[in-house]
Amino acid sequence: MTFLPERKPSAGRGLWPQLTALLLALLALALAACSRHYVEGKALEEEKRWEEASIQYHLAVVGSPNDEDYREALDRANKVVARENMERYRNYLALKEFRKAYHRLKDALRQDPSLQEAQKEMDKWLRVLVAGQVVFKFEDLGDGLRIADEVILVARINSPNPGQILDAEIDIDTGVFFVEDLLYDRPAPLLTYYSLNSVGVKLVRKKSQIQRFRTTDFKRFVNFRTPIIDRIEGRLDFSEQSEPEHISTHRKSIVADNFSTGEYLPDINPHYEMRIEQDRVKVISKDRSDFTPVFLYINRRDRRIFADFGRYQIQSKGKDSGSAESRKGTWSLNRLSLKQDDHFQELLKNVALAPYFFYRGQVYRYEVR
């Protein structure tokens, strides 16, 4: 009689039943978790805590995306939460808290894309990118800057929203600044109202034994405050027929010599007029008007605007002696020429800003003096 050698069970054959059992156990736990989220959502819904119920239903759907009961419950809760967000949206709008209002509106549309009121309101909003570059040339920064714990270079921009001033931090290495603004239901000509308020530094002093709170002071190098527009004529063309073009194609046509304005000492609250003629915004002022943007790129279909202030040089000619009055004549401003490799190339590196870099139709150029 011939005996065959005993065959040992392979490691794979012995491990497979264990893996199967483990996977089944994990699946059971996942299904139990989904069911728990659904049950918790139902309990919250009965208490009219719709936002919390929506979160629980969402977690249930993530675990079991094909479960019709879970999906119907999530859709039901989301529609209620969308209406609640619309109520909050209207409250923020009344308080002129535009950023909070806009985000509530976006949430309402995300939760219920079919909500017609939210769709109509979204058409009234414009998102605006304000950007430019400031090159600094200082002989002396003054003692006030040396004793600060933190020094932040800032360009302040007047917005078409009444009384609103935007703070754009200036990158210390490149001089580039940008800030995003939100406009609600503003007449088209008001898009031209963006203006340079001031350029300066925020001086941050941290807590100490003597001073118990963190403080921030703003020291102005150049101060236009709010330029006053006496009259505006013409209108902007919001044509949406053209295909979107990338701004980089327009920048290649810029003639560098057309933008340099020379050094001067700005006045506070200068008066000016504007005339919109074809693709030009003509700025008329008794004094220099370097407080306006250089270009205005409009993409009304995508509700995006890009106001480009171009390039500035801020220069100190002497030691800062303290008060604004005693500093008069110390700081000068000069609008620099643009070129193909200017600050726009730095802005292109910020992927989050990419939606602003397309325009439709004409580019409006400011003619300043």
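Of LYS96/LYS202; LYS137/LYS202; LYS137/LYS349; LYS48/LYS79; LYS96/LYS124, which ones are farther than 22 Å apart at the Cα? Working shown, then result.
Numbers: LYS96/LYS202 26 Å; LYS137/LYS202 18 Å; LYS137/LYS349 25 Å; LYS48/LYS79 13 Å; LYS96/LYS124 14 Å.
The answer is LYS96/LYS202; LYS137/LYS349.
Between LEU353 and LYS100, how many nm apart are label points set 7 Å from Cα along the C-beta direction?
Inter-label distance under the simple model: 2.9 nm.
Can you tell me how much longer the chain between ALA188 and ASP237 gets when fully stretched, taken as 0.36 nm per residue apart minus their C-alpha distance, in nm with one decimal?
Details: separation 49, 0.36 × 49 = 17.64 nm, distance 0.87 nm.
In short, 16.8 nm is gained.
In which sequence would LEU236, LEU353 go, from the one with the fewest C-beta neighbours within 10 Å to the one with the most? The partial results should precede the final answer.
Working: LEU236 20, LEU353 15.
The order, fewest Cβ neighbours first, is LEU353, LEU236.
Roughly what would the spin-label model give for ARG280 and SER248, points 7 Å off Cα along C-beta, in nm?
It is 3.1 nm.
Could you list ARG231, ARG127, ARG280 in order of exposure, starting from the residue whose Cβ has the fewest other Cβ atoms within 10 Å? Before the final figure, lay out each step's value.
Numbers: ARG231 10, ARG127 17, ARG280 14.
With the fewest neighbours first, ARG231, ARG127, ARG280 line up as ARG231, ARG280, ARG127.
What distance in nm separates the simple spin-label points at GLN116 and PHE218, each placed 7 Å from Cα in the Cβ direction?
About 4.4 nm, to one decimal.
Give the calculated FRET efficiency between GLU46 and GLU263 to the nearest 0.05, with a Förster radius of 51 Å applied to their Cβ-Cβ distance. Please report the intermediate quantities before stating the final value.
Numbers: r = 71 Å, r/R0 = 1.39.
Given R0 = 51 Å and the Cβ-Cβ separation, E is 0.10.
How large is log10 I(q)/I(0) at q = 0.27 Å⁻¹ when the Debye formula is applied to the Cα atoms of region 46-103, each weighted equally and without solvent?
Cα-only, vacuum Debye calculation for region 46-103: -0.96.
All of the numbers you see were taken from the coordinates with simple rules; none came from a lab. Because the structure is a prediction, the values reported are computed rather than measured. Quick reminder, even Gly has a Cβ in these numbers, built from the backbone with ideal geometry, and neighbours come from all protein chains shown.
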